[in-house]
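Structure first, commentary second.
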Amino acid sequence: NSIAQNYLGYCYQHGKGICKNEMKTFEWYLKSAFAGCADGQCNLGYCYANAIGTDKNETKAFKWYLKSAVAGCAEGQCKLGECYRLGKGTDKDETKAFEWYLKSAVAG
């Protein structure tokens with residue numbers, strides 16, 4: 001179950017019920033993301049953006065935030081807006097940043 005995989009990633013990331021483990025965090029978010037969980041995709045993007053259990057890669061972070069945002073995840077939409085606003089993993093585009101921030105605000 002992709003949602004349960006996402007929750008396991010969260011538990012490892014925040015030390016909920018188990019010791020924190022960045023490698024396990026990344027592994028569970030990766031499984032969740034590939035299984036189609038929008039929250040898992042957003043969290044995997046966060047791992048790539050912040051080098052949690054993997055090397056920092058803003059291009060991969062952008063890719064996963066985009067998948068998450070298109071799937072309707074408000075946090076993914078907000079993170080995607082940030083990528084466009086700051087030019088992280090993509091070209092800077094304030095119009096697209098605004099559009100994704102607006103979608104996130106309406107969804108949230």
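How long, wide and thick is the chain, going by the Cα atoms along their three principal axes, in whole angstroms, largest first?
42, 27, 20
Let me have the 222 nm mean residue ellipticity of the chain computed from DSSP H runs of 4+ only, each contributing -39500 (n - 2.57), with the sum over all residues rounded to the nearest 500.
The helix contribution divided over the chain gives -23500 deg cm²/dmol.
Assigning unit charges at the beta carbon (Lys, Arg +1; Asp, Glu -1) and nothing else, what dipole magnitude in debye, to the nearest 20, does the stretch 38-95 show about its Cα centre?
Its charge dipole is roughly 100 debye.
Using only alpha carbon pairs under 8 Å that are at least six residues apart, calculate the relative contact order of the chain and give it in whole percent.
Relative contact order, the chain: 18 percent.
Helix 38-50: angle to the longest alpha-carbon principal axis of the chain, degrees 0 to 90, nearest 10?
So the inclination is approximately 90 degrees.
Using a 1.4 Å probe on the protein heavy atoms, what percent of the accessible area of the stretch 2-107 belongs to carbon and sulfur?
52 percent
Any idea which of Y29, W64, L102 is furthest toward the positive side of the dipole for the chain, if Lys and Arg beta-carbons carry +1 and Asp and Glu beta-carbons -1?
So the residue furthest toward the plus end is Y29.
State to the nearest 20 debye the size of the charge dipole of the chain about its Cα centre, where the only charges are +1 on K and R beta carbons and -1 on D and E beta carbons.
Charge dipole, the chain, about its Cα centre: 160 debye, nearest 20.
Can you give me the angle between helix 22-34 and the longest principal axis of the chain, using Cα atoms only, in degrees from 0 to 90, rounded to the nearest 10?
60 degrees
Putting +1 on Lys and Arg Cβ atoms and -1 on Asp and Glu Cβ atoms, find which of Y48, G17, C78 reaches farthest to the positive end of the dipole of the chain.
The one lying farthest along the dipole's positive direction is G17.
Per residue of the stretch 71-77, in order, report the coupling 6.51 cos²θ - 1.76 cosθ + 1.60 (Karplus, θ = phi - 60°) as ³J(HN,Hα) in whole Hz, putting x for Gly and Pro.
Running phi through 6.51 cos²θ - 1.76 cosθ + 1.60 with θ = phi - 60° gives 6, x, 6, 4, 5, x, 5 Hz.
For the chain, take the longest principal axis of its alpha carbons; what is the angle in degrees between that and the long axis of helix 94-107, to the nearest 10 within 0 to 90?
Computed tilt is about 60 degrees.
The values are calculated or read from the model by the stated rules, or taken from the named source; none is laboratory data. Since the structure is predicted, the reported quantities are computational estimates derived from the model, not experimental observations. Note: ideal-geometry Cβ built from the backbone for every residue, glycine included; neighbour counts use all protein chains shown. Each accessible area value is taken on the protein alone, full model and side chains, heavy atoms only, with ligands, DNA and RNA left out. Shrake-Rupley method; radii C 1.70, N 1.55, O 1.52, S 1.80 Å.
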